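The values are calculated or read from the model by the stated rules, or taken from the named source; none is laboratory data. It should be emphasised that the depicted structure is a prediction, and the values quoted were computed from it without experimental measurement. Cβ: placed from backbone, ideal geometry, glycine included. Neighbour counts: every protein chain shown.
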Amino acid sequence: MLRLDSINCFYGKIQVLRDISLHIAPGEILGLLGRNGAGKTTLLGAIMGLIKAGSGSIQLDGNELTGLPAHQIPKLGVAYVPQGRRLFAEMSVEENLRMGLLANDQGQETLDWVLGLFPALTERLNQKAGTLSGGEQQMLATGRALCLGPKLLLLD
Ligand SMILES: Nc1ncnc2c1ncn2[C@@H]1O[C@H](COP(=O)(O)OP(=O)(O)O)[C@@H](O)[C@H]1O
Ligand SMILES: [Mg+2]
């Protein structure tokens with residue numbers, strides 16, 4: 001489903017990712033281990049189009065992702081839970097989830113499915129995301145990503 005071939009990434013002249021290749025098949029769970037600063041977040045950023053890969057190829061079901069604008073990648077079915085969650089703190093739980101729906105043109109059915117997975121969010125639909133507990137915020141960040149109805153979920 002997702003194939004990375006010889007990805008190299010740089011911040012200025014500093015090379016952070018060197019010749020990374022991997023393949024994820026449908027139904028597969030892949031864990032990436034690495035010390036602090038090893039480049040895990042950079043790699044996910046490159047897949048999501050948030051960081052430009054210096055060279056190499058990233059393909060989803062045979063379609064090249066490198067070079068696509070970042071907002072198109074969720075529309076191909078790739079969802080992302082950022083390391084720092086990146087919730088919209090001043091928006092409600094429901095509004096945050098609806099942003100996920102919008103990112104991939106999903107509807108009420110997907111929202112109901114996500115709320116079924118996270119009953120704690122259902123009880124707090126009108127609460128501002130910034131006032132949730134850490135664990136609740138993590139549920140919301142994951143729920144918002146699942147609101148894309150993704151075929152691939154990236155969890156940083
Ligand atoms: N925007 C940036 N500019 C310059 N260096 C960066 C930037 N983001 C990350 N780095 C550096 O790139 C390396 C990899 O970072 P990162 O991908 O966040 O690592 P990890 O997620 O594995 O802890 C680190 O040495 C970090 O300091
Ligand atoms: Mg990281």
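Name the helices (runs of 4 or more DSSP H) wholly inside the range 108-156 in which the number of residues that are within 16 Å of ligand 2 (Cβ to nearest atom) is 1 or more.
Correct list: 134-146.
If you go through the range 47-63 one residue at a time, do you hit one that is assigned by TED's automatic domain parsing to the domain that holds ASP19, modelled with pLDDT of 95 or more, in a helix (DSSP H, G or I) and within 13 Å of ligand 1 (Cβ to nearest atom)?
yes
Using beta carbons and a limit of 9 Å, which pairs, at least six apart or on different chains, have the first residue in the range 116-141 and surrounded by fewer than 18 Cβ atoms within 10 Å (Cβ to Cβ) and the second one of a type in the set (D, E, K, R) and assigned to a helix (DSSP H, G or I)?
What qualifies is ALA120/GLU136; LEU125/GLU94; ASN126/GLU94; GLN127/GLU136.
Find the residue count for the range 69-112, including only residues that are over 26 Å from LEU43 (Cα atoms) and surrounded by 14 or more Cβ atoms within 10 Å (Cβ to Cβ).
Of the residues in that region, 9 qualify.
Hey, among GLU90, GLU95, GLU28, which residue is assigned to a helix (DSSP H, G or I), more than 16 Å from ligand 2 (Cβ to nearest atom), under 22 Å from GLY143 (Cα atoms) and of a type in the set (Asp, Glu)?
Exactly one residue qualifies, and that residue is GLU95.
So that you can scan it fast, the table gives a plain yes or no per residue for (1) over 30 Å from HIS23 (Cβ atoms); (2) touching a Cys at 6+ places or on another chain (Cβ under 7 Å):
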site: GLU94; (1), (2): yes, no
site: GLY100; (1), (2): no, yes
site: TRP113; (1), (2): no, no
site: THR122; (1), (2): yes, no
site: ALA129; (1), (2): yes, no
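Would you check which residues across the range 30-46 are more than 6 Å from ligand 1 (Cβ to nearest atom) and hydrophobic (A, V, I, L, M, F, W, C) and list them? Full working, then the answer.
Start the filter on the range 30-46 by keeping residues that are more than 6 Å from ligand 1 (Cβ to nearest atom), which leaves 30-33, 35, 43-46.
Result: LEU30, LEU32, LEU33, LEU43, LEU44, ALA46.
Filter the range 1-24 for residues that are touching a strand residue (DSSP E or B) at 6+ places or on another chain (Cβ under 9 Å) and among the β-branched types (Val, Ile, Thr); which is surrounded by the fewest Cβ atoms within 10 Å (Cβ to Cβ)?
We begin by selecting, within the range 1-24, every residue touching a strand residue (DSSP E or B) at 6+ places or on another chain (Cβ under 9 Å); these are 1-10, 15-24.
Okay, now just the ones that are also among the β-branched types (Val, Ile, Thr), so 7, 16, 20, 24.
Values: ILE7: 23, VAL16: 17, ILE20: 19, ILE24: 15.
That would be ILE24.
State yes or no: is THR66 assigned to a loop (DSSP other than H, G, I, E, B), on the phi < 0 side of the Ramachandran plot and either surrounded by 12 or more Cβ atoms within 10 Å (Cβ to Cβ) or in the same structural domain as GLU123 (by TED's automatic domain parsing) (or both)? Give the derivation first.
On the way: assigned to a loop (DSSP other than H, G, I, E, B): yes; on the phi < 0 side of the Ramachandran plot: yes; either surrounded by 12 or more Cβ atoms within 10 Å (Cβ to Cβ) or in the same structural domain as GLU123 (by TED's automatic domain parsing) (or both): yes.
It is true that THR66 is assigned to a loop (DSSP other than H, G, I, E, B), on the phi < 0 side of the Ramachandran plot and either surrounded by 12 or more Cβ atoms within 10 Å (Cβ to Cβ) or in the same structural domain as GLU123 (by TED's automatic domain parsing) (or both).
With the condition kept exactly as written, say whether any residue in the range 12-25 is within 23 Å of THR142 (Cβ to Cβ), of a type outside the set (S, T, N, Q) and either in a loop (DSSP other than H, G, I, E, B) or within 13 Å of ligand 1 (Cβ to nearest atom) (or both).
yes
For the subset of the range 30-47 comprising residues that are crowded, with 19+ Cβ neighbours inside 10 Å and in contact (Cβ under 8 Å) with a residue 60 or more places away in the chain, which member is nearest to PRO69 (Cα to Cα)?
ILE47
Mind listing whichever residues of the range 72-87 are without any contact (Cβ under 8 Å) to a residue 24 or more places away in the chain and more than 16 Å from ligand 2 (Cβ to nearest atom)?
If the condition is that a residue be without any contact (Cβ under 8 Å) to a residue 24 or more places away in the chain and more than 16 Å from ligand 2 (Cβ to nearest atom), then GLN72, LEU76 are the ones that fit.
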